[in-house]
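Quick note: the coordinates plus some simple rules give every number you see, no bench work behind them. These numbers come from a predicted model, not from an experiment. Please note: Cβ atoms are built from the backbone with ideal geometry, for glycine as well, and neighbour counts cover all protein chains shown.
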Amino acid sequence: MMLKKYVIGLDYGSDSARAVIVETGSGEEIATSVKHYPRWMDGKYCDPAKDQYRQHPLDYIDVMEYIVKDSLQKAGGDVAANVVGISFDTTGSTPVFTNEAGIPLALLPEFADNPNAMFVLWKDHTAVREAAEINELAHKWKIDYTQYEGGIYSSEWVWAKALHVLRQDPAVRKAAYSWIEHCDWMPALITGKQKPKEVVRSRCAAGHKAMWLEAWDGLPSEEFLTTLDPMLAGYRDRLFQNTYTSDVKVGNLTTEWADRLGLTTEVAVGVGAFDCHMGAVGGEVTPNVLARAIGTSTCDIMIAPYEQIGDKLIAGICGQVDGSVIPGYVGLEAGQSAFGDIYAWFKKVVAWPMENILSKSSLIDAETKAKLIEETMDKIIPELSEAASNISLEESTVIAVDWMNGRRTPDASQEVTGSIAGLKLGTSAPRIFRALVEATAFGSKAIVDRFAREGVELKGIIGLGGVAKKSPFVMQTLADVLNMPIKVARTEQTCAFGAAMFASVVAGVHGSVEAAQKSMGKGFEKEYLPNAANVKRYQSIYEKYVELGKFTEINKF
């Protein structure tokens, strides 16, 4: 009997990280573990009013140790001894400044509580001004370094964030030697390759967020960066020229990390990537099929053959990068800055009396009060969904625009805001909620329409993540608005599963990503088909959404 081999996929999301142990032959999920970042959950280092979202590297380390050991304990037997590979996916762009040894500054005593020395989470929008400056300079430069990133650089991306932090914090500016993306730091940490010149950099991260392109010798030129701001002098030389796809091995676990994780030094560690890109692989994406990771935000990933893309530059998306998803294809990225976050925002709005009035009531005992609040909070979205689904399209007169957290695609802008129109005294919470669900679907349609306008063939859609698996109302609305069937991946943790597939390739178990998908893939659990009666009606509502969006953007409330 052949000895079974196992791999671990580690997925770092916005609020928590999860590990999944997978058997490489059948794709059987052996064990999984999830843990929230403790400092993040305490609200530390963040200021939502300023769009500041920072995460401490210790959160990443503490959680990794817990979920790996916890999942190995759950797996039992000889699993730990037969783990052969580990790969990471993370949010992005989520960079941090490091010293010359490659240590994130927040891990140094003098910067332990300084948010500017921590990882700047993808949804941090403090660098709007810097992004605007990058766009202005790039569009008149001899090389437009944004051209393979949709033509618009975003405040969610690394150069804007790095420049903002350097300008804001003289102490960080003095101590910083280089910067690193979260998806690059995790493999570097556990393989002992943390020094800036030793780090094996992700093609995915560099190509989509750092304006890296092999054709122009890597990152933007020193002249461009120092013209943008002299504070960036020297960073290009202290960063990297080459990048690597995620089927490449970074190294093996060091003795220290093998001991800390309960594994062996034979474990191969792969090049990291962003969560949605590996999620697309875990969801078994194939050429010209749009894989949509639908959670707090969306990230939309497609792979396209070289001959289809050619010299085409696709305007307004989040990048087209050779090999950023599956080697041998061009990876295309788009997405919405908020999706589930919009529903969560509305939940907090309608729950305000629960949190601020009922919580202070003296009419019931503390235990009953806490249980009542918890039960109500858990039921708000399901009850709103059921009530909203019973409102006919003819009665749905409220129109909303889904830019509550800015707009990622098409045509990134963190200056735009969301809006709601058509409110009356008879407008109920379910009607507003329905309008918000429709708005997120319309934002999705804007992305699909942009791909079509740019001549990118779309053969199908795959839904990944929590919303896709948990909300039939949202998914049916999405299918109706897009007028396309949507398959939902069976795998519960598609990002972690995609990371596990890459780990199997890095460890030499499978010869290619496609072979890993074929062997380990779990298929699809459900398919949503568009309701023909709703498609035409939604097209007319979508046109109103577009007009409201134009009005909102022009007036910039």
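Could you state the number of Å between the C-alpha centres of the range 413-457 and the range 42-117? The two parts, judged by their Cα centres, are 34 Å apart.
Plainly put, the range 180-221 has a radius of gyration that is 1.01 times its Kirkwood radius, both from alpha-carbon atoms, as the Rg/Rh ratio. This ranking places ILE317, ILE391, ILE399 by how few other beta-carbon atoms lie within 10 Å of each, fewest first, which gives ILE391, ILE399, ILE317.
Of the residues MET501, MET186, MET354, the one with the fewest other Cβ atoms within 10 Å heads the list, and the complete ranking is MET354, MET186, MET501. Put a dot 7 Å past the Cα of ARG129, heading toward its Cβ, do the same for LYS50, and the two dots end up 1.2 nm apart. The string of couplings for the range 388-402 from the Karplus curve (6.51, -1.76, 1.60, θ = phi - 60°) is 5, 5, 8, 8, 6, 4, 5, 8, 7, 9, 8, 10, 10, 10, 8 Hz, one whole number per residue in order, with x for Gly and Pro.
Absence of a disulfide-compatible partner, taken as no other cysteine beta carbon within less than 4.7 angstrom, is noted in the chain for CYS46, CYS183, CYS204, CYS318, CYS495.
Taking the Cα centre of the range 1-145 as origin, sum charge times position over the Cβ atoms of Lys and Arg (+1) and Asp and Glu (-1), and report the length of that vector in debye to the nearest 20. Intermediate results must be reported in sequence, preceding the final value.
On the way: 14 positive and 22 negative charges, 33 e Å.
Value, rounded to 20: 160 debye.
Spacing of the modelled spin labels on GLN168 and TRP345, each 7 Å from Cα toward Cβ, amounts to 2.0 nm. Can you classify the chain as rounded, prolate or oblate using the Cα gyration tensor, where a ≥ b ≥ c are the square roots of its eigenvalues, rounded means a/c under 1.5, and otherwise it's prolate if a/b beats b/c and oblate if not? Here the chain falls in the rounded category.
For ILE152, the residues whose modelled amide H falls within less than 5 Å of its own, excluding neighbours fewer than 5 places apart on the same chain, are GLY316.
When the helices in the chain are scored as -39500 (n - 2.57) per DSSP H run of 4 or longer and the sum is shared across all residues, what 222 nm value do you end up with, to the nearest 500 deg cm²/dmol? Before the final figure, lay out the partial values.
Numbers: 20 runs with 220 residues, N = 557.
Per the formula, -12000 deg cm²/dmol.
Amide H contacts of ILE30: ILE21, VAL22, GLU23, each under 5 Å away and 5 or more positions distant or on a separate chain (H built 1.01 Å from N in the peptide plane; Pro and chain starts excluded). Placing dummy labels 7 Å off each Cα toward the beta-carbon, the span from GLN308 to HIS139 is 3.0 nm.
The stretch between GLU28 and ALA421, if pulled fully straight at 0.36 nm per residue, gains 136.7 nm over its current Cα-Cα span.
With r defined as the distance between the Cβ atoms of ASN356 and ASP378 and R0 fixed at 22 Å, what FRET efficiency is calculated, to the nearest 0.05?
On the way: r = 18 Å, r/R0 = 0.83.
Here the calculated transfer efficiency is 0.75.
Here the extension length gained between ASP70 and GLU223 equals 50.2 nm, from 0.36 nm per residue of separation less the Cα-Cα distance. Computed from phi, the 3J(HN,Hα) profile of the range 463-479 under the Karplus parametrisation 6.51, -1.76, 1.60 (θ = phi - 60°) reads x, 10, x, x, 5, 4, 8, 10, 10, x, 4, 5, 5, 5, 4, 5, 5 Hz, with x in place of Gly and Pro.
Between the DSSP loop rule and a limit of at most 12 other Cβ atoms within 10 Å, which chymotrypsin sites (Phe, Trp or Tyr not before Pro) in the range 124-177 are left? List each step's numbers first, then the result.
Working: sites: TRP141, TYR145, TYR148, TYR153, TRP157, TRP159, TYR177; in loops: TRP141, TYR145, TYR153, TRP157, TYR177.
Taking the range 124-177 and a limit of 12 other Cβ atoms within 10 Å, no loop chymotrypsin sites (Phe, Trp or Tyr not before Pro) are found.
As a length-normalised measure over Cα pairs under 8 Å and 6 or more apart, the relative contact order of the range 195-341 settles at 23 percent. Ordering of 331-337, 43-49, 202-208, 78-84 by packing is 202-208, 331-337, 78-84, 43-49, highest average first (other Cβ atoms within 10 Å, averaged per residue). Coupling constants for the range 155-168 follow from the phi torsions by the Karplus curve (6.51 cos²θ - 1.76 cosθ + 1.60, θ = phi - 60°), and in residue order they are 5, 7, 10, 5, 5, 5, 5, 4, 5, 4, 5, 4, 6, 7 Hz; glycine and proline get x.
Amide H contacts under 5 Å for VAL330: ALA304, TYR306, GLY323, restricted to partners 5 or more places along the chain or on a different chain, H placed in the peptide plane at 1.01 Å from N.
Tell me the relative contact order for the range 210-263 as a rounded percent, counting alpha carbon contacts under 8 Å between residues six or more apart.
Values: 24 pairs, mean separation 13.8, N = 54.
Dividing the mean separation by the residue count of the range 210-263 yields 25 percent.
Reported to the nearest whole Å, the Cα centre-to-centre distance from the range 325-360 to the range 514-557 is 16.
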